[in-house]
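The structure appears below as structure tokens.
Nothing in this text is a laboratory measurement; each read-out follows from the coordinates by a stated rule. Remember, predicted model here, so these are calculated numbers, not experimental data. Neighbour counts run over all protein chains shown; Cβ positions are idealised from the backbone, glycine included.
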Amino acid sequence: MEYQAIIAIGIFLISYALITSEKIHRTIVAMLGGITMLIFGIVDQETAIHHIDFNTLGLLIGMMIIVSITSETGLFKFLAIWAAKKAKGDPIRILIYLGLLTAFGSALLDNVTTVLLMVPVAFSITRQLRVNPLPYLILLIIASNIGGTMTMIGDPPNIMIGSAVKELTFMAFINNLTLICVLILIVTIIIFVFLYRKQLQTTEELKAGIMESVEKSEITDTGLLKKCLGILALTIGGFFIHQIL
């Protein structure tokens, strides 16, 4: 048993090192690590399959598919430009709006996918305003993690925990985490505004350029967008109905 434990630790450390190096895709490393565990007899095939949480995998895959297809409609670009125009092109207000938008999106969708879709838009806006994109990127990442923590479906660890513990229902996550996450998000945004308020300055001409953007032109497929929003509404509604039944 001690011999197997040493091998298991060795496989884990090697796999972790390869994932950190990013020389091999992490999915391939994880699969090879699992296969190596089977080859050395540390776990048998039946035990390995038993420990796979298919509920978590199904939910993750489903949410990622919804987000991926929705992104093709241009919705996220539309929302980002809409937020920038509502902020009148002001870099500080855009920072706040994008942080709130990312947190809200991450609460309803997969947070990793949401932030990956928001980052290119943030780059585009900061490039037009000629301001440092770093504060925006850092805040988007933090806001994504905070927003994803609000609900059971926003963050993979929450999905795993909710799937493993029946008492932690969809509403239990909302009731216990949403308020504190909102408070943390507000404090985080205030800190960022205080730290970067002097750096995020631009000219009136560049602000006017943002105001001239047409957000509706970013929607590439209205029909697909309606279908995606309908499916998303049914999905979220299904979680609430499940609590009642």
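Computed FRET efficiency, Cβ-Cβ of Glu167 and Glu212, R0 41 Å: what is it to the nearest 0.05?
Plugging the Cβ-Cβ distance into 1/(1 + (r/R0)^6) gives 0.20.
So if each residue of separation counts as 0.36 nm, and I subtract the Cα-Cα distance between Ile65 and Ile39, what length gain in nm does that give?
That pair, Ile65 and Ile39, stretches by 6.0 nm at full extension.
Show me the GluC sites (Glu not before Pro) within the stretch 120-223 that DSSP assigns to loop and that have at most 15 other Cβ atoms within 10 Å of their Cβ.
Filter output for the stretch 120-223: Glu167, Glu212.
Rounding to the nearest 10 and keeping the result within 0 to 90°, find how far the Cα-based axis of helix 2-21 lies from the longest principal axis of the chain.
Tilt relative to the chain: about 20 degrees.
Rounded to the nearest 500, what is the chain's calculated 222 nm mean residue ellipticity when only DSSP H runs of at least 4 contribute -39500 (n - 2.57) each, over all residues?
Calculated from helices alone, the mean residue ellipticity at 222 nm is -25500 deg cm²/dmol.
Scale the Cα Rg of the chain by the rule-of-thumb value 2.2 N^0.38 Å and send over the ratio, two decimals.
With N residues counted in the chain, Rg over 2.2 N^0.38 Å equals 1.20.
Please state the charge dipole magnitude for the chain, taken about the Cα centre, from unit charges on C-beta atoms (+1 on K and R, -1 on D and E), reported in debye and rounded to the nearest 20.
Roughly 960 debye for the chain.
Any chance you could give the angle, 0 to 90 degrees and rounded to 10, that helix 75-86 forms with the longest Cα principal axis of the chain?
With rounding to tens, the tilt is 40 degrees.
Restricting attention to the stretch 124-187, which trypsin sites (Lys or Arg not before Pro) occupy a DSSP loop and are surrounded by at most 13 other Cβ atoms within 10 Å?
Of the trypsin sites (Lys or Arg not before Pro), the ones in loops of the stretch 124-187 whose Cβ has at most 13 other Cβ atoms within 10 Å are Arg130, Lys166.
What percentages, rounded to whole numbers, describe P(r) for the stretch 95-205 computed over all alpha carbon pairs with 5 Å bin width beginning at zero?
So the P(r) values, bin by bin, are 2, 13, 22, 20, 16, 11, 7, 4, 3, 1, 0, 0.
Which loop-located trypsin sites (Lys or Arg not before Pro) does the stretch 16-115 contain, where loop means any DSSP state but H, G, I, E or B and the Cβ has at most 14 other Cβ atoms within 10 Å?
Here the sparse-neighbourhood loop sites are Lys23, Lys88.
Give me the percent relative contact order of the chain, please, defined on Cα pairs under 8 angstrom at least 6 residues apart.
24
Measuring from a point 7 Å past the Cα of Leu57 along Cα-to-C-beta, which residues in the stretch 151-194 have an amide N at less than 14 Å?
Answer for the stretch 151-194: none.
Report, in degrees rounded to the nearest 10, the 0 to 90 angle that the Cα long axis of helix 26-39 makes with the longest principal axis of the chain.
Roughly 10 degrees between the two axes.
Report the label-to-label distance for Ala233 and Ile7 in nanometres (one decimal), using points 7 Å from each Cα along the Cα→Cβ vector.
With each label placed 7 Å out from Cα toward Cβ, I get 5.6 nm.
What FRET efficiency do you get for Met31 and Arg127 if R0 is 45 Å and r is their Cβ-Cβ distance, rounded to the nearest 0.05?
Approximately 0.75, to the nearest 0.05.
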